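The structure appears below as structure tokens.
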Amino acid sequence: MKREKLKAKRYLRRKRSVRNKLFGTPERPRLSVSRSNRQISAQLIDDLNGVTLCSAGTREKSFDGKSGNSVNCEIAGQVGQALAEKARMKDIRKVTFDRNGFRYHGRIKALADAARKAGLEF
């Protein structure tokens, strides 16, 4: 099997493993994080109703031009803080963290730490 296919297969296995254990409710939505080499985004999802409650990411106009061609931990932290502020406006304090198959370090950890610092509990 080619190396790329094997890598994608492992990622999907990790993603399913994490996702099977988590479920978002209206009282405690799921904070799902997505990242690529150039972008990072996070959203709060109510799985019971199948609705996204709020989201933040580097593709929004408020982050336009800040990230350049890549995202570092500082920008990931700003995304986490922006998401926490939007969540507080909707009276959401507690969430479950879905790292989406990514390792909990670097940009994922920076986003989570900034969201915690801004008032989200998980």
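All of the numbers you see were taken from the coordinates with simple rules; none came from a lab. Computed from a predicted structure; not experimentally measured. So basically every Cβ, Gly included, is an ideal-geometry build from the backbone, and we count neighbours across all protein chains shown.
Between Y11 and F23, full extension at 0.36 nm per residue minus the direct alpha carbon distance yields a gain of 2.4 nm. Placing R0 at 41 angstrom, the Cβ-Cβ distance between R88 and K2 gives a FRET efficiency of 0.35 after rounding to 0.05.
Can you tell me what share of the DSSP beta bridges in the chain is antiparallel? A percent to the nearest 5 is fine. Intermediate results must be reported in sequence, preceding the final value.
Details: 12 of 16 bridges.
Beta bridges within the chain, antiparallel portion: roughly 75 percent.
What number, rounded to the nearest 500 deg cm²/dmol, is the helix-based mean residue ellipticity at 222 nm of the chain, given -39500 (n - 2.57) per DSSP H run of at least four residues and division by all its residues?
The helix-only estimate for the chain comes to -12000 deg cm²/dmol at 222 nm.
Within the straight-line cut-off of under 20 Å between alpha carbons, the aspartates and glutamates reachable from K86 are E27, D46, D47, E60, D64, E74, D98, D113, E121, sequence neighbours fewer than 8 places apart in one chain being disregarded.
Among K15, K61, K109, the largest mean-square fluctuation in a Gaussian network model of the chain, built with springs joining Cα atoms closer than 10 Å, belongs to K61.
So what are the chain's ellipsoid semi-axes, whole angstrom, largest first, if each one is the square root of 5 times an eigenvalue of the alpha-carbon gyration tensor?
Working: eigenvalues 105, 78, 27 Å².
Whole-Å semi-axes of the equivalent ellipsoid: 23, 20, 12.
Of the cross-linked pairs K5/K109; K5/K94; K7/K61; K5/K90, those separated by over 30 Å at the C-alpha level are K5/K94; K7/K61; K5/K90. Computed from label points 7 Å out along Cα-Cβ, the spacing between V51 and N72 is 3.9 nm.
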